[in-house]
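The values are calculated or read from the model by the stated rules, or taken from the named source; none is laboratory data. Note that the structure is a prediction, hence the values are computed from the model and not measured. Positions of Cβ are backbone-derived with ideal geometry, glycine not excepted, and every protein chain shown enters the neighbour counts. For the accessible areas, the whole protein counts, side chains as well, though only heavy atoms, and no ligand, DNA or RNA atoms are used. Shrake-Rupley method; radii C 1.70, N 1.55, O 1.52, S 1.80 Å.
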Amino acid sequence: MAASQPVKRPGWHWTAYWSRGRAEVMSIDTPTGPRALDTSALWSGFFETFPAGARLLDLATGSGEVGRYAQAAGRFDVTGVDYADIPATAAGEAGPTFIGGVAVEALPFEAVTFDGISSQFGIEYADHRPALAELSRVLTPGGRARLLVHHADSVITQQARAQTKAYDAVLGTGAAVRLGRRAFAAQGKADATARAASHAAFAQAVTKCRSLIGSGPAFDTVTYMVSYLGDLADRIAAYEPSSGLARLDDFEFGNAAWRHRQLCQTRAALDVEGLERFLARAEGAGLSVTARALEHDAYGALLGWRIDLSKPATG
């Protein structure tokens, strides 16, 4: 029997990503290969404006990359939260405190707790109105926030759309996985004719998938996925039926998590009108918009919107 698939808890698609030990937020496809996203200068410049001892919160922290930028910039008390099940900070461990299973719309902190808040490709995934209200609630009077949010036309969003389209064109029907399950199930049966027929059908399905693969970086991810299926089809006799079925379960779960992340990213990305609505909701939550700009990487590629907010000081 195949191993059971992981339970799809809230944030399951990001838990699947971070649980694999990924350190980087994402990479950008280029004609010469993937390039890791580097926003260190953006964040270091922001965090260096805070005095020593400031309490800082990183929303949707993921692997904690931005939180560690904060820790490196000064002697701060840094906390990072994420909706996914990320590893919690061990007692007595130096560095930022990380907490998983936290929705941005319901932060588990007292009001006016943090002097500064950051979010890199995170808050826009949440329900904007309650998320911004929570940001405002936990920010101290005079506190500031910097948000890097997805742009509808950024290189990241364009890449996600192209990769999803390529995946759907090649593997979207799910036929190859279904036929793979039949082939491995038949391996445990005595009927040699049935085994050969199911194996041939699986191999043919993989061959068809290969024929649908196009050129260009958009097909790199799905090419790797098809090659994995190809290995299972080519060496089906090398796997115990239960092992083969478990591998297909893991493959399907991983693909579903990947595709869901891509779709969520494209839906969360803001065009100009979406940005205006987001900023209006920030102001409705009692925040002032102090800056808004397009953010590019060192190569000139558009990454997203940079938004700086502040909470008016009282008195």
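Quick notes on this one:
- Dipole of the chain, positive end: most advanced residue of 88, 136, 217 [Cβ charges, Cα centre]: 217
- From phi via Karplus (6.51, -1.76, 1.60), per-residue ³J(HN,Hα) for region 260-272 in Hz, x at Gly/Pro: 5, 4, 4, 5, 4, 5, 5, 6, 7, 4, 9, 8, 4
- Test item: Cα-centred dipole of region 110-154, Lys/Arg +1 and Asp/Glu -1 on Cβ, debye: 120
- Separation of alpha-carbon centers, region 41-92 and region 145-166, rounded to whole Å: 23
- Counted by Cβ distance under 15 Å from residue 129, the other residues give a net charge of -3, where Lys and Arg count +1 and Asp and Glu count -1.
- Carbon/sulfur fraction of accessible area - region 123-175, other protein chains in place, 1.4 Å, %: 51
- Fraction of accessible area attributable to carbon and sulfur, region 220-315 (%, probe 1.4 Å): 49
- (i) -0.45, -0.75, -1.15; (ii) -0.33, -0.63, -1.15; (iii) -0.34, -0.66, -1.30, with the label sought being that of the calculated log10 I(q)/I(0) by the Debye sum over Cα atoms at q = 0.08, 0.11, 0.15 Å⁻¹: (i)
- Rounded accessible area per residue of the chain, 1.4 Å, Å²: 47
- When you restrict to C-alpha pairs under 8 Å that are six or more residues apart and normalise by the size of the chain, the relative contact order lands at 21 percent.
- Placing +1 on the Cβ of every Lys and Arg and -1 on the Cβ of every Asp and Glu, with nothing else charged, gives the chain a dipole about its Cα centre of roughly 840 debye.
- Between amide H atoms placed 1.01 Å from N, distances below 5 Å from residue 143 occur with 311, all of them 5 or more places distant or on a separate chain.
- Using the Cβ of residue 151 as centre and a radius below 13 Å, the other residues enclosed give a net charge of -3, where K and R count +1 and D and E count -1.
- Modelled label positions at residue 288 and residue 256, each set 7 Å beyond Cα in the direction of Cβ, lie 4.9 nm from each other.
- Where 283, 105 fall by accessible area, highest first, once all protein chains stay in place (1.4 Å): 283, 105
- Computed over neighbours whose Cβ is under 15 Å from that of residue 50, the net charge equals 0, Lys and Arg +1, Asp and Glu -1.
- In sequence order, calculated HN-Hα J values of region 167-183 (Karplus, 6.51, -1.76, 1.60; Hz; x Gly/Pro): 4, 5, 5, 9, 10, x, 6, x, 4, 4, 5, 4, 5, x, 4, 4, 5
- Extending 7 Å from Cα along the Cβ direction at residue 234 and again at residue 271 yields two label points whose distance is 4.4 nm.
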